[in-house]
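Shown next, in structure tokens, is the structure this report addresses.
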Amino acid sequence: MTVPVIAIDGPSASGKGTVAARVASELGFHLLDSGALYRLTAVAAMQAGIALDDEAALEVIAVSLNVRFADSMTWLSGAEVSEQMRGEAASVGASKVAVFAGVRQALLARQQSFRRLPGLVADGRDMGSVVFPDATLKVFLTASVEVRAQRRYKQLIEKGLSANLESLSQDLRERDERDRNRVCAPLVQLPDAILLDTSSMPVNAAVQHVLDAWEKVKAG
């Protein structure tokens, strides 16, 4: 029996993580936050003093990544790193390590192992194109850079962290450029993916769009 997959891709801060988690909860499906694995690879590299452009060393880290997810918390090599993993340094680092084919290949099988009954909702940048090309439903979430920067700014301020809106906007533009132009698994909207622009769309509406699309797919 083929395990159904809903693949939700899109640029940073487009809302895909929030939407994916809500959809998975509504359907009782498993959830894969693929970005978490890249963030953790970056965190592990930074902890080991490894440069984020050292592809060979990064591939070794990705292969041996000792990660555990439980109760909305994350452990790396036995240490709880939930907050660190969600920080801006880890997020930017993830975008840098993700350009390397060796790192992506090392994490591919680990991502695919999340595919279990009754189904999986997977969010990332290449879920529908590379990791689960046979996904039952493919969705591409996007939003303007301005809106995404505002979202990131609000998240950081709410955590009590300093933030600069102009700097965040520039970081997102640079990240988008890296994601779209990398040779291995670039960020693309696939022809068979549903496009959702969340710039002015509430989370509830985006979640409902995906759920409605899922019902249509099931109905054939």
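Quick note: the coordinates plus some simple rules give every number you see, no bench work behind them. Here the structure is a predicted model, which means the values were calculated and not measured. Counting neighbours? That spans all protein chains shown, and the Cβs are built from the backbone with ideal geometry, glycine included.
Laid out as a table, the results:
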| item | result |
| --- | --- |
| Subset of the range 19-40 [farther than 15 Å from Asp179 by Cβ and within 10 Å of the chain's Cα centre (by Cα)] | Ala20, Leu32, Asp33, Ala36, Leu37 |
| Sole exception among (1) within 30 Å of Asp212 (Cα to Cα); (2) assigned to a helix (DSSP H, G or I) for Gly102, by number | (1) |
| From Ser77, Ser25, residue being surrounded by fewer than 20 Cβ atoms within 10 Å (Cβ to Cβ) and without any contact (Cβ under 8 Å) to a residue 12 or more places away in the chain | Ser25 |
| Options Ser77, Ser72, Ser64, Ser82: the member that is over 29 Å from Arg173 (Cβ atoms), within 18 Å of the chain's Cα centre (by Cα) and among the hydroxyl-bearing types (Ser, Thr, Tyr) | Ser72 |
| Residue within the range 59-74 that is polar (S, T, N, Q), in a helix (DSSP H, G or I) and surrounded by fewer than 20 Cβ atoms within 10 Å (Cβ to Cβ) present | no |
| Odd one out for Tyr153, checked against (1) under 28 Å from Asp212 (Cα atoms); (2) of a type in the set (Phe, Trp, Tyr); (3) out of contact with any Gly (no Cβ under 9 Å at 6 or more places or on another chain) | (1) |
| Tally of residues being assigned to a helix (DSSP H, G or I) and of a type in the set (Gly, Ala, Ser) across the range 11-34 | 6 |
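Each row is one residue, and each column tells you yes or no for (1) in a helix (DSSP H, G or I); (2) on the phi > 0 side of the Ramachandran plot; (3) surrounded by 12 or more Cβ atoms within 10 Å (Cβ to Cβ); (4) within 19 Å of the chain's Cα centre (by Cα).
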| residue | (1), (2), (3), (4) |
| --- | --- |
| Ala135 | no, no, yes, yes |
| Lys138 | no, no, yes, yes |
| Val147 | yes, no, yes, yes |
| Ser162 | no, no, no, no |
| Gln170 | yes, no, yes, no |
| Arg178 | yes, no, yes, yes |
| Val183 | no, no, no, yes |
| Leu211 | yes, no, yes, no |
| Glu215 | yes, no, no, no |
